[in-house]
Amino acid sequence: QVQLVESGGGLVQAGGSLRLSCAASGRTVNNYSMGWFRQAPGKEREFVAGISRSGGTSYADSVKGRFTISRDNAKNTIYVQMNSLKPEDTAVYYCAAGRVGLLQMRGTYDVWGQGTQVTVSS
């Protein structure tokens, strides 16, 4: 089974950028659909971005045009580049791996990382 470890979170001012990383071990990421989700205090965990085994991508409307998901097979790592950050992007960001299903659906994913905090100040 794949294990996932996120990194790259932190505190950034509105308008700034961060790149989150999700390092996988145990299995190669190109065998999985991979996704990024986030959860703000008091809110449900929500889909942010996903990349399929074939390289197709999907984004939540709230981040489209600002976030970019990518995969580095050599490093067995996926990334999300987050630009033009807004205070409403503040959340714990989770990386997830799955096999079958739509990228946007939580049920597609059965392995989750521990999360990394992103805080955007106004």
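The values are calculated or read from the model by the stated rules, or taken from the named source; none is laboratory data. All of these numbers come straight from a predicted model, not from anything done at the bench. Cβ coordinates were reconstructed from backbone atoms using ideal geometry, including for glycine residues, and neighbour counts include every protein chain displayed. Protein only, heavy atoms only, side chains kept; ligands, DNA and RNA dropped before computing areas. Shrake-Rupley method; radii C 1.70, N 1.55, O 1.52, S 1.80 Å.
Selection of the stretch 16-44 for residues being open to solvent by 50 Å² or more (accessible area, probe 1.4 Å), touching a strand residue (DSSP E or B) at 6+ places or on another chain (Cβ under 9 Å), more than 18 Å from V100 (Cβ to Cβ) and not in a strand (DSSP E or B) yields S17, G26, P41, K43.
Annotation for the stretch 54-68: at least one member residue is in a loop (DSSP other than H, G, I, E, B), within 26 Å of G15 (Cβ to Cβ), open to solvent by less than 60 Å² (accessible area, probe 1.4 Å) and of a type outside the set (A, V, I, L, M). Close Cβ contacts (under 8 Å, 6 or more residues apart or on different chains) running from residues in the stretch 66-86 that are at positive phi to residues that are surrounded by fewer than 20 Cβ atoms within 10 Å (Cβ to Cβ) and part of a strand (DSSP E or B) comprise N76/A23; N76/S25.
For the subset of the stretch 89-122 comprising residues that are polar (S, T, N, Q), in contact with a Leu (Cβ under 7 Å, 6 or more places away or on another chain) and crowded, with 17+ Cβ neighbours inside 10 Å, which member is farthest from V12 (Cα to Cα)? The selected residue is T108. Of the listed requirements (1) part of a loop (DSSP other than H, G, I, E, B); (2) under 14 Å from the mean Cα position of the chain (by Cα), R71 misses just one: (1).
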